[in-house]
Amino acid sequence: MTFDCLCGEVSIALSQKPEFVHACNCTLCAKSGARWSYFHPDQVEIAGATTGFRRSDKESPAAEVHSCIKCGATTHFVLTEAAVAVHGNTMMGVNMLLADPADLSGVELRYPDGRNWAGEGEFGYVREAETL
């Protein structure tokens, strides 16, 4: 599965279709314009120049969100050094809003309540999941 940003400067290749997509309501996800699927970094190839952003309102942010330096489209996130120290480099997120909707047919879309998540344990959900 491959797709790219708005201008085509950044391309993303995945080794497999995602199991699910998160449409999270937290401020980071909502304001970055992203719906995330999560993969091991070995399963993702990013080509093209991006710039990273880390939240300044968190003492130790866990994610660095990347965007295309030309068009500004949010492409993916990687774990910060602090998060890798705790969890290992085991996950990255890919913005599935960049994918062709036909490629996501049959994938579950979940609505986690990230805005009210304490940062540990399971997410609560704001509504029932649906199938794309």
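All of the numbers you see were taken from the coordinates with simple rules; none came from a lab. All figures in this text were calculated on a predicted structure; none of them were measured in a lab. Positions of Cβ are backbone-derived with ideal geometry, glycine not excepted, and every protein chain shown enters the neighbour counts.
Structure data summary
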item	result
Dipole of the chain, positive end: most advanced residue of S56, V21, V78 [Cβ charges, Cα centre]	S56
Rounded FRET efficiency, nearest 0.05, which uses the C-beta distance separating V84 from N116 and R0 of 25 Å	0.45
Computed E for E45/T131 - FRET, C-beta separation, R0 30 angstrom, nearest 0.05	0.65
Sequence-separation-based contact order of the chain, relative, with Cα cut under 8 Å and 6+ spacing, percent	28
Check: the chain dipole with +1 on Lys, Arg Cβ and -1 on Asp, Glu Cβ, in debye	360
Of the GluC sites (Glu not before Pro) in segment 31-122, those whose Cβ has at most 14 other Cβ within 10 Å and which sit in DSSP loop	E59, E120, E122
Charge-dipole axis of the chain as Lys and Arg at +1 and Asp and Glu at -1 on Cβ define it, positive-most pick from G106, F123, A34	A34
Mean projected area in nm² (Cα convex hull; one quarter of hull surface) for segment 44-132	7.3
